[in-house]
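FYI, it's all coordinate maths here, none of it is from the lab. None of the values given here were measured: they were computed from a predicted structure.
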Amino acid sequence: MCLCVTVQILHSHEDAVSLLHRLKSHLFHNVVEVGGRYFVQTQGIAQGSTVSTLLCNIYYGKMEAQYMTVHEDTELLIRQV
């Protein structure tokens, strides 16, 4: 028995300015509904955000590179976000 699956992948191309505009909008115009009232989030990133994990990895990677020394022969640094 053979199970065959056809996958269709769509690609869209955007320039850096457009992507930065989308990211800024995502980060600074997040609307949250609480008890039937709507609020604009003004600080932080929503934990359910699609970019939350990515930005966390970038931040931790920069911090690790700046403040930690790992000896590649004898040490292993593992981070789970």
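Going through (i) 49, 34, 19; (ii) 37, 23, 18; (iii) 54, 51, 32, the figure that equals Cα extents along the principal axes in Å as computed for the structure here is (iii). Which whole-number percentage describes the relative contact order of the stretch 17-67, with Cα contacts under 8 Å and a sequence gap of 6 or more? For the stretch 17-67, the relative contact order is 20 percent.
Derived scalar couplings between HN and Hα for the stretch 5-22 equal 10, 9, 10, 10, 10, 10, 10, 10, 10, 9, 7, 4, 4, 5, 5, 5, 5, 5 Hz in order, rounded to whole Hz, by the Karplus curve 6.51 cos²θ - 1.76 cosθ + 1.60 (θ = phi - 60°), x for Gly and Pro. Computed extension gain for His13 through Lys62, at 0.36 nm per residue and net of the alpha carbon distance, reaches 14.9 nm. Residue by residue, the stretch 53-69 carries 3J(HN,Hα) couplings of 5, 4, 5, 5, 4, 5, 4, 5, x, 5, 5, 4, 5, 7, 10, 10, 10 Hz when phi is fed to the Karplus relation 6.51 cos²θ - 1.76 cosθ + 1.60 (θ = phi - 60°); x denotes Gly or Pro. Please identify, among Gly48, Gly36, Gly61, the residue showing maximal mean-square fluctuation in a Gaussian network model of the chain using a 10 angstrom Cα cutoff. Of the options given, Gly36 has the highest mean-square fluctuation.
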